[in-house]
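Undergrad: Quick one: this structure, given as structure tokens, is what I'll be asking you about.
Please treat every number below as a calculation from the coordinates, not as lab data. The structure displayed is predicted, hence computed values, not measured ones. Don't worry about glycine lacking a Cβ; one is built from the backbone with ideal geometry, like all the others, and counts go over all protein chains shown.
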């Protein structure tokens, strides 16, 4: 059954509802694909993935850059492979496994856009390296970088579907995302806040059920990926990545319809 296409509007409730329907309908395939992509993170040695700070606050730059680069590839490709199957569902068609890979030619552009969106993370890393142990500088800069990162997300959040569907390249995709999100950024912030709160709550629940105490939660990021808690968080993170890919595509569709009057059949023609 197709998702309702009767004058869609970009609202938090409708967008989340449609995204959950599509994700649930394709749960097994989406979950397996997202997990397979996320396995790339295991190519990064545990010590590098857990953190790149060594000795007296010094940074292992190679380890840090490799870890961030792999994370960007994983996040961007996961979003990209969800675009076409989601669009198929939006027009009432059954998504096939082969649909996941129809956008492979534009994967490099999507990864590049993801890297641009992640620039604040690189800046934060550089500041930590230039001012090791300086809590005031790192704290203030961390706040500023965090604000900048949020602004960029609210501008370019739709980079994956805009590039995949409109095939305009990196800069055009980012510009297009910003245009579509104009006037809707508070709703995007609301969506991200909901996903963030729910994700954090689930991760904390996993840790507590796995035997960790509240005082141990601060060390959750460095937990071994081969431990039961680590495996559970790894799987859940893959699911969240897949769901965000669906969510961004559904958001793109609703915004296109709301602002331009397009319908899913028109939007999907680029893949035919």
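Undergrad: Regarding the stretch 12-271, what whole-number volume in Å³ per residue does the convex hull of its Cα atoms give? Present the calculation step by step, with values, prior to reporting the outcome.
TA: Numbers: hull volume 35.3 nm³, N = 260.
Cα convex hull per residue, to the nearest whole number: 136 Å³.
Undergrad: Further question on the same structure: Can you give me the three principal axis dimensions of the stretch 125-230 from its C-alpha atoms, in Å, biggest first?
TA: Principal-axis extents of the stretch 125-230 (Cα, largest first): 47, 35, 26 Å.
Undergrad: I've got another one for you. Calculate, for residue 226 and residue 260, the FRET efficiency according to 1/(1 + (r/R0)^6) with r their C-beta to C-beta distance and R0 51 Å; round to the nearest 0.05. Mind dumping the intermediate values first?
TA: Values: r = 48 Å, r/R0 = 0.95.
It comes out at approximately 0.60.
Undergrad: Hey, another quick one. What is the calculated FRET efficiency for residue 193 to residue 236, with r their C-beta to C-beta distance and R₀ = 22 Å, to the nearest 0.05? Spell out each step's value before the answer.
TA: Working: r = 18 Å, r/R0 = 0.84.
The computed FRET efficiency comes out at 0.75.
Undergrad: Same structure, new question: Within a 10 angstrom radius of the beta carbon, how do 208, 41 rank from fewest other beta carbons to most? Let's see the in-between values first.
TA: Working: 208 14, 41 17.
Least to most surrounded, the residues fall as 208, 41.
Undergrad: Want the number for residue 150 to residue 213: 0.36 nm per residue separation, take away the alpha-carbon distance, what's left?
TA: Working: separation 63, 0.36 × 63 = 22.68 nm, distance 3.09 nm.
Computed gain between residue 150 and residue 213 is 19.6 nm.
Undergrad: If you take the beta carbon distance between residue 39 and residue 98 as r and set R0 to 30 Å, what does 1/(1 + (r/R0)^6) give as a FRET efficiency, to the nearest 0.05? Could the numbers behind the result be given before it?
TA: Numbers: r = 21 Å, r/R0 = 0.69.
Using R0 = 30 Å, I get an efficiency of 0.90.
Undergrad: Follow-up. So how far apart, in nm, are the two label points at residue 136 and residue 21 if each is 7 Å from Cα heading toward Cβ?
TA: Calculated label separation equals 5.6 nm.
Undergrad: Next up: How far apart, in nanometres, would the label points at residue 186 and residue 200 be if each is projected 7 angstrom from Cα along the Cα-to-Cβ direction?
TA: It is 2.2 nm.
Undergrad: Sort 136, 121 so that the residue with the fewest other Cβ atoms within 10 Å of its own Cβ comes first and the one with the most comes last. Don't skip to the answer; put the middle values down first.
TA: Values: 136 8, 121 16.
With the fewest neighbours first, 136, 121 line up as 136, 121.
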